[in-house]
Amino acid sequence: LCFSALPALFKEELRDEEAKEGEAVTLHCELTKPAPVEWRKGRTALKPSEKYKMRQKDVTAELVIHSLTESDA
């Protein structure tokens with residue numbers, strides 16, 4: 001018996017969020033099954049830091065961006 005597992009897909013994709021400069025914003029997405037999520041801005045992978053906080057529980061992944069600047073758009 002041979003089969004291949006289906007990949008995780010976005011059940012709920014990212015939506016545009018509005019926030020003011022200096023504030024924080026939370027982005028989240030929902031997957032069809034648990035899988036690791038890598039957050040990116042363009043080609044650059046984001047890493048946890050004072051600016052970026054990542055959380056993931058089961059099929060929901062969340063990215064909090066602190067101290068927003070224009071370059072975060």
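The values are calculated or read from the model by the stated rules, or taken from the named source; none is laboratory data. None of the values given here were measured: they were computed from a predicted structure. Neighbour counts are summed over all protein chains in view; Cβ atoms, including those assigned to glycine, are modelled from backbone coordinates with ideal geometry. We work out accessible area using only protein heavy atoms, side chains counted, and drop any ligands, DNA or RNA first. Shrake-Rupley method; radii C 1.70, N 1.55, O 1.52, S 1.80 Å.
When the Debye formula is applied to the Cα atoms of segment 12-72, each taken as the same point scatterer, what base-10 log of I(q)/I(0) results at q = 0.12, 0.16, 0.18, 0.21 Å⁻¹?
Results for segment 12-72 at q = 0.12, 0.16, 0.18, 0.21 Å⁻¹ read -0.29, -0.52, -0.65, -0.88.
With all protein chains present, how much of the accessible area of the chain (probe radius 1.4 Å) comes from carbon and sulfur, to the nearest whole percent?
Numbers: 3210 of 6070 Å².
C and S fraction of accessible area: 53 percent.
Once the other residues with Cβ under 12 Å from the Cβ of Lys33 are scored (Lys, Arg +1; Asp, Glu -1), what is the net sum?
-1
Normalised by the residues of the chain, what does the relative contact order come to in percent, with Cα pairs under 8 Å and at least six apart?
For the chain, the relative contact order is 34 percent.
Stretch Ala8-Ala73 to full length: gain in nm at 0.36 nm per residue minus the Cα-Cα span?
20.7 nm
Put +1 on the Cβ of each Lys and Arg and -1 on the Cβ of each Asp and Glu in the chain; which of Val25, Ile65, Thr44 then has its Cα farthest toward the positive end of the dipole?
Positive-most Cα among the choices belongs to Thr44.
Tell me, what is the per residue accessible area of the chain in Å², probe radius 1.4 Å?
83
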